[in-house]
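A.B. asks: This is the structure I have questions about; it appears just below.
Please treat every number below as a calculation from the coordinates, not as lab data. Not measured: the values here are computed from a predicted model. We place every Cβ from the backbone using ideal geometry, glycine too, and count neighbours over all the protein chains shown.
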Amino acid sequence: MLVPFLIMLREGLEAALIVGIVASYLKQTGRTQWLPAIWSGIGLACLLCLGIGLGLDLISAEFPQKQQEMFEAAVGLIAVGILTSMVFWMKKAGHSVKSQLHGAIDEALRPGARQGAALVGMVFFAVAREGLEAVFFLLAVFQQSSGSGPVIGAAAGLLAAAATGYGLYYGGMRLNLRLFFRITGLFILVVAAGLLSGSVRALHEAGLWNGLQATAFDLSAVLPNDSAIGSVLTGLFGYQDTPSVGEVSAYILFLALSLPLFLSDARRPLIARPRSGT
């Protein structure tokens, strides 16, 4: 439940920041008549993400066991790629998001017959990118979890992101965005390592990967998966009480490569928060 909550909080807040920057700039430049276009773009992006998520979930339910494992592995690998690229994109480009969006708005609203459509499209693609990242991650988590906890966590994270976004731009709320994205970025990389390890396991169960299958360690007598702590660790970090050498190797190698890169050069803030109404 905690992992979907934090992922949706981060993804939702990124989308809220983008929408807030666009809305604030329109207000600052006296173009508030275009604000409805923002909501149109958001609505279309949400419908697209919801449709893709439901479609993928329905398709996977029809697969026989082997194909389900293959699908689970593919979705997990896609989620790892998306989550990793998201973290490093925000680290690299987050400080210039505001200026980039301002330039994109000016370009979209240049005099012409398609001003509204251009602005809708800009907001649509910005929000859809965040939404599709969340869709693939949640699908991977739902496939490796059971019960209603992940759904409740995701919904709570989205509501918390919406409330935080509203507070930032309309309620005078203060948030250290640099610290927030750094902490959640570290957490997401650890989660992605767990998803990668789970994908290696799914590839083996699908019969596509049979190397490094010796048991790395056996903690089933000390910390089994179905224990209280084991269940929490499994849900958070993809813990397994008897992982294979391949699963552990994938987990460690991913973190050994990604964490040093992410922790390097932490000097500049990620996003400059605009002030609404100025």
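A.B. asks: Could you sort the peptides 21-34, 194-207 by per-residue average Cβ neighbour count (10 Å cutoff), highest mean leading?
C.D. replies: Values: 21-34: 16.4, 194-207: 22.4.
With the highest mean Cβ count within 10 Å placed first, the list reads 194-207, 21-34.
A.B. asks: Ranked highest first by the average count of other Cβ atoms within 10 Å around their residues, in what order do 151-162, 70-81 fall?
C.D. replies: Numbers: 151-162: 18.2, 70-81: 21.2.
My ranking of the peptides, most packed first, is 70-81, 151-162.
A.B. asks: Which of the peptides 178-186, 242-250, 256-264 is most tightly packed, and how do the rest follow, going by the mean number of other Cβ atoms within 10 Å of each residue?
C.D. replies: Put in order of decreasing packing, that is 242-250, 178-186, 256-264.
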